[in-house]
Amino acid sequence: MTLDVLAPSGSEARLAPVPPRHAAAFCFALLTTACALASFVFACATPFAAFAVIAAAMLSLRTALPVMLGAWLVNQGIGFGALHYPVDANTLAWGAMIGAAALSATATARGVLQALRASPAPLAFAAALLGAYTAYELVLLAATPALGGAASFTLPIVARLGLTSAAWLVGLVAVSEIVRLLAPLASRRATS
């Protein structure tokens, strides 16, 4: 399967708050802003699975992956620059694994959305979040034998973080829909 097969046209995007030519810039701005907010509030618990679903719903996989990489870089920059994460091999390795997990979540979300393209949006988004969150957590869990941290994968912690991702997804979809609804008003006002 090539990346082009997973490329939504403007009419195929599950979430289209702006014209297709502006989708990548809008998604990047939305996710990096959300990532900055989440990084300061949640530090190591940034809801990358929710971000992955948003990117996969708006963009082709080829475009969504660099957007997610940008969100991850914002997260890491805030973590190391503002939150003073320790600069040691283990922390850097965990940072890299979080990036890999975010990219895996994005690819998984895009695949689920593509498979459920005829399904109602709420069902497709819920399934994409479940798939993205599972992929994200499995990549991180796979790193624990080498990096430690297996104690963080208890059911209460994983469930709480999953619910946090679901809340962020709802919020980001709501912001996108508000932008979609307000965009015609702004363009009419600009032309008058």
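The values are calculated or read from the model by the stated rules, or taken from the named source; none is laboratory data. Not measured: the values here are computed from a predicted model. When we count neighbours, we look across all protein chains shown, and the Cβ atoms used for this are built from the backbone with ideal geometry, even at glycine. Keep in mind that these areas ignore ligands, DNA and RNA; they rest on the heavy atoms of the full protein, side chains included. Shrake-Rupley method; radii C 1.70, N 1.55, O 1.52, S 1.80 Å.
Once C-alpha pairs closer than 8 Å and six or more residues apart are averaged by separation and normalised to the residue number of segment 75-192, the relative contact order reads 21 percent.
Using just the alpha carbons, could you tell me how many Å³ per residue the convex hull of segment 41-97 encloses? Don't skip to the answer; put the middle values down first.
Numbers: hull volume 4.5 nm³, N = 57.
Output value, Cα hull per residue: 79 Å³.
Principal axis extents of the C-alpha atoms in the chain (largest first, rounded to whole Å): 57, 36, 31.
What is the percent of Cα-Cα separations in segment 20-68 that go past 15 Å? Beyond 15 Å sits 39 percent of the P(r) for segment 20-68.
Angle of helix 61-77 to the longest C-alpha principal axis of the chain, folded into 0 to 90 degrees and rounded to 10: 50°. Pick from 65, 181, 129: which residue has the top mean-square fluctuation in a GNM of the chain where Cα pairs under 10 Å get a spring? Highest fluctuation of the listed residues: 181.
Considering only protein heavy atoms, what per residue accessible area in square angstrom results for segment 67-192 with a 1.4 angstrom probe? Walk me through the numbers before you get to the answer.
Details: 6660 Å² over 126 residues.
It amounts to 53 Å² per residue over segment 67-192.
With helices as the sole contributors, the chain gives -25500 deg cm²/dmol at 222 nm; each DSSP H run of n ≥ 4 counts as -39500 (n - 2.57), and the sum is divided by every residue.
Pop the C-beta distance of residue 62 and residue 25 into the FRET formula with R0 = 22 Å and round what comes out to the nearest 0.05. Calculated value: 0.90.
Once the Cα atoms are used to define both axes, helix 155-191 deviates from the longest principal axis of the chain by about 30 degrees. The slack between residue 181 and residue 87, meaning 0.36 nm per residue of separation minus the straight C-alpha distance, is 29.4 nm.
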